[in-house]
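Colleague: Below is the structure I would like to discuss, written out as structure tokens.
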């Protein structure tokens, strides 16, 4: 029988389980004890290995790359923090950072607010099932295809939007949606929201359908109108889901690439690049892998800070529950 | 240990499923130490021209029946990835035997790194059939490193029916050109196609107009022996600005001439846009839209905007390169030699309908035939296009600046200064 | 209100309608039509275009490859994430939060961070341009989110169920296999839908880590059709786009029900709420 400190688990199990179970038998053999203690770690091994080799190692390598100058042909040369210093004076980096802020704010606000509004609308609509499917459909399409489709809408001369405006006599409102900064960034945000709204709506719908009825009914009995009920009862109850939605949208908005690349390639004259696009461009178009890596690092640090803060909030909430 | 056994079984099962998906050649490579199949050596040819696959296959088959090696193709769907792959593998034994690349300064890096084999001897053998200007595109320090995969002189393609409708002829000089431009514009037809879609097309009219006003300056500028802020360049830019302000170009932010969502082709085929300055390789795309070369559309050489200058035409050509570290170097060089020969080019041109680079092989397109005849008759010197003629870092900055100019034409000086700033820093690291 | 939603739904579908209409035309027809809205002459041209698309640029092979990757990698990711989530929530493992963050951090980095070193790694190890290589990567990248969801879900499964099973003599793995997993079929279905869709739609990694027909997934093959050196007109390209989009839409129509009913994720609180 185990008398040393290590197999606490085996002891506990033994205490909980009656004699004669295979667990007790397992714990009594030395190898069994070791296996029992090691088992939890074996469960996590496959995922840790895969993520470690294919995601974390490359990320670490990119961190190293950001301190070098490398064009793919000759071996990388170490240049310390020069890349980062050059970033501060690079106008493209400044533009890209600003655009990234627009994207994060725009997607978060637009997608969350619209998603919530539509979810509320749909919650009481008879054809909700059908609409849900329709609204989710764009999320099933690839970012590249979204870019192609919305390019056809926003095109200055031939696009559907401007053509429709002219058709109804509002020709004065036509814009060069994709070639006027910063309007081009906002246009692309619209396309991205079209794609991402579906899952957001679904999440909010689930939230709306799982919050308890009692507080709402109580408020209504107290004479609160629909808006007050929503603002002071529903919204706070929805907090858990809202945090999830905002968090997901937040992290994803940092990463947007496909849509931007297919709609404007970050142009014209690099005016609609975000940090994710700049990183790709510097690496794979200009073949300045070290410089591109430093852009990626900046983006990562920001995303990481935001994400850790977000996870902590979720985790704490779970532990409370 | 029931727990461990079951989980292990799961993992083994999973591994078995995955193993079943491993392509057999990988297993072979792992066990036999890698390498190509023994016997007749098939040459590995990598490229990023996915839709040329059938043409490469035909040419490889022709090569084989001519007694040489066959070609095994490796297509990359994306140009950037392709370039990264060649750049990182060029020095190792994983490099393919043959690969397509870009000429001029884009090739220089590859040559300097020792990734390309010297094939000057092949050119010496065929020197009478190829123009010297073409050879220069692949020559560095007196040695030539590639064979022309395709040859595209830059031509002004025009809608014949539109021209006929307004009784216009292909212009032979600048006066004619202005007449054509003005007539078309007054009849509500946009004379010239222009776009910034895809980023690279922004340089098209820069090079065209500079070569049409001062080709020597263009050549010097490409080599870093002139500045973007020189008066000759400013003059060309001002000319460009005039043409834009006169409304002679399509809206560059709306028009595209790629294929996925090409709007220019619609405008062109329906007669709302009349001309496009582009490489002759674009002709099949127009044919694909239902217009016949020589019947529905034709081509002419962009006339000089100034008199007394050397007739010059922009050309474009990409090389087929033999990897210096490739596994079957001598076979690959022989294969390339066959490709350059009359027989090889006849088969290639027949398959692709490209413009022929050899003087003794006819081009299928009537437009190309006329074009080559005009080039010869006028003693046109062939100049490499902007994309490859000057260090690429300068080009990347320049096309963004040109795009700005195309969208907001005005004083060209700030734009030229920006480009020159970049050029200065690039040339400083080269010299 | 309902009318508003109705209009919205129609507006939502307009771009897709355009894609379908264009894919039903032939190239010359497309370029000669007065407007993009003109109806096609022969809607059945769609099938001819799709068939042509199947054989061009490796679309057909890409379709099968993406199918393989989507199913296998999503399945493996869910399996491994479930194992890990089980350990982190229900077994006595040290530093559960650390393991969680370690794997979850895989989702924080922008994808471009992985691109170049992975490219180098794959070239050096011979994983480049192999189906195994693609599956390994897609599994790895799907893991963090799957772990996030499964962990949250497992945490809400009542402990009593577990205790009861243990009293009956079930081992840890037995509990996992017989109780936890079956209870989790809803989030699993949701995850499968999400991850399969993501893998299917991936452009960047398919582009960089593979190149030959049969290994290269479908979305990069589609991108190849769009390129400058391509001679395919919009109808063919859009027919290819439809082909590329079909499976994810079908999957959504099939599994969407489960997703919409059971997507409780973490903070909503209850397992298996209906």
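Colleague: Here are C:202, C:129, C:124: which of them is out of contact with any helix residue (DSSP H, G or I) (no Cβ under 9 Å at 6 or more places or on another chain) and within 26 Å of residue A:58 (Cβ to Cβ)?
Modeller: Details: C:202 fails: out of contact with any helix residue (DSSP H, G or I) (no Cβ under 9 Å at 6 or more places or on another chain); C:129 fails: out of contact with any helix residue (DSSP H, G or I) (no Cβ under 9 Å at 6 or more places or on another chain).
Testing whether each residue is out of contact with any helix residue (DSSP H, G or I) (no Cβ under 9 Å at 6 or more places or on another chain) and within 26 Å of residue A:58 (Cβ to Cβ) leaves just C:124.
Colleague: Tell me which residues, restricted to region B:101-127, are at pLDDT 90 or above and loosely packed, with under 14 Cβ neighbours inside 10 Å.
Modeller: B:112, B:114, B:121, B:124, B:125
Colleague: In region B:215-248, what residues are under 23 Å from the mean Cα position of the chain (by Cα) and either under 30 Å from residue A:154 (Cα atoms) or not in a helix (DSSP H, G or I) (or both)?
Modeller: B:223, B:224
Colleague: Look through A:242, A:278, A:264, A:210 and report the one residue that is within 12 Å of chain C (Cβ to nearest Cβ) and crowded, with 23+ Cβ neighbours inside 10 Å.
Modeller: On the way: A:242 fails: crowded, with 23+ Cβ neighbours inside 10 Å; A:264 fails: within 12 Å of chain C (Cβ to nearest Cβ); A:210 fails: crowded, with 23+ Cβ neighbours inside 10 Å.
Selected residue: A:278, the only one of A:242, A:278, A:264, A:210 that is within 12 Å of chain C (Cβ to nearest Cβ) and crowded, with 23+ Cβ neighbours inside 10 Å.
Colleague: Please state which one of B:405, B:354 is in contact with a strand residue (DSSP E or B) (Cβ under 6 Å, 6 or more places away or on another chain) and within 14 Å of another protein chain (Cβ to nearest Cβ).
Modeller: Details: B:405 fails: in contact with a strand residue (DSSP E or B) (Cβ under 6 Å, 6 or more places away or on another chain).
Of the residues listed, the single one that is in contact with a strand residue (DSSP E or B) (Cβ under 6 Å, 6 or more places away or on another chain) and within 14 Å of another protein chain (Cβ to nearest Cβ) is B:354.
Colleague: Scan C:180, C:188 and give me the residue that is modelled with pLDDT of 85 or more and either closer than 30 Å to residue A:37 by Cα or in contact with a strand residue (DSSP E or B) (Cβ under 6 Å, 6 or more places away or on another chain) (or both).
Modeller: Numbers: C:180 fails: modelled with pLDDT of 85 or more.
On inspection, the qualifying residue turns out to be C:188.
Colleague: Give the residues of region C:163-193 that are buried (at least 21 other Cβ atoms within 10 Å of the Cβ) and touching a residue at least 40 places away in the same chain (Cβ under 8 Å), sorted by residue number.
Modeller: C:172, C:175, C:176, C:180, C:184, C:187, C:188, C:190, C:191, C:192, C:193, listed by residue number.
Colleague: Confirm whether residue A:192 is in a helix (DSSP H, G or I) and without any contact (Cβ under 8 Å) to a residue 24 or more places away in the chain.
Modeller: Numbers: in a helix (DSSP H, G or I): yes; without any contact (Cβ under 8 Å) to a residue 24 or more places away in the chain: no.
No.
Colleague: Does residue C:141 satisfy the condition of being within 12 Å of chain A (Cβ to nearest Cβ) and farther than 25 Å from residue B:83 by Cβ?
Modeller: In short, no.
Colleague: Checking residue A:308 against (1) part of a helix (DSSP H, G or I); (2) on the phi > 0 side of the Ramachandran plot: exactly one of these is not met. Which one?
Modeller: The number of the failed condition is (2).
Colleague: Moving to a separate point now. Is it the case, given these coordinates, that residue B:373 is part of a helix (DSSP H, G or I), more than 21 Å from the chain's Cα centre (by Cα), without any contact (Cβ under 8 Å) to a residue 24 or more places away in the chain and surrounded by fewer than 22 Cβ atoms within 10 Å (Cβ to Cβ)?
Modeller: Values: part of a helix (DSSP H, G or I): yes; more than 21 Å from the chain's Cα centre (by Cα): yes; without any contact (Cβ under 8 Å) to a residue 24 or more places away in the chain: yes; surrounded by fewer than 22 Cβ atoms within 10 Å (Cβ to Cβ): yes.
For residue B:373, the condition - part of a helix (DSSP H, G or I), more than 21 Å from the chain's Cα centre (by Cα), without any contact (Cβ under 8 Å) to a residue 24 or more places away in the chain and surrounded by fewer than 22 Cβ atoms within 10 Å (Cβ to Cβ) - is met.
Residues checked against (1) in a helix (DSSP H, G or I); (2) modelled with pLDDT of 80 or more:
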residue: A:26; (1), (2): yes, no
residue: A:31; (1), (2): yes, no
residue: A:43; (1), (2): yes, yes
residue: A:48; (1), (2): yes, yes
residue: A:52; (1), (2): yes, yes
residue: A:80; (1), (2): no, yes
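Colleague: Could you tell me which numbered condition residue B:299 fails, if it satisfies all but one of (1) more than 10 Å from every other protein chain (Cβ to nearest Cβ); (2) over 23 Å from the mean Cα position of the chain (by Cα)?
Modeller: (2)
Colleague: If I filter region C:54-65 down to residues being at pLDDT below 80 and in contact with a helix residue (DSSP H, G or I) (Cβ under 6 Å, 6 or more places away or on another chain), which single residue comes out as surrounded by the fewest Cβ atoms within 10 Å (Cβ to Cβ)?
Modeller: Applying the filter and picking the extreme gives C:58.
Residue-by-condition table, conditions (1) within 10 Å of another protein chain (Cβ to nearest Cβ); (2) at pLDDT 85 or above; (3) in a helix (DSSP H, G or I):
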{"residue": "C:28", "(1), (2), (3)": "yes, no, yes"}
{"residue": "C:34", "(1), (2), (3)": "yes, no, no"}
{"residue": "C:67", "(1), (2), (3)": "no, yes, yes"}
{"residue": "C:75", "(1), (2), (3)": "yes, yes, yes"}
{"residue": "C:105", "(1), (2), (3)": "yes, no, yes"}
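Colleague: Does any residue of region B:36-45 turn out to be within 14 Å of chain C (Cβ to nearest Cβ), modelled with pLDDT of 50 or more and in contact with a strand residue (DSSP E or B) (Cβ under 7 Å, 6 or more places away or on another chain)?
Modeller: First pass over region B:36-45, keeping only residues within 14 Å of chain C (Cβ to nearest Cβ): B:44-45.
Those still in the list that are modelled with pLDDT of 50 or more too: B:44-45.
So of that shortlist, the ones also in contact with a strand residue (DSSP E or B) (Cβ under 7 Å, 6 or more places away or on another chain) come out as B:44-45.
The answer is yes; a qualifying residue exists.
The values are calculated or read from the model by the stated rules, or taken from the named source; none is laboratory data. Since the structure is predicted, the reported quantities are computational estimates derived from the model, not experimental observations. All Cβ positions, even for glycine, are placed from backbone atoms using ideal geometry, and neighbour counts span all protein chains on display.
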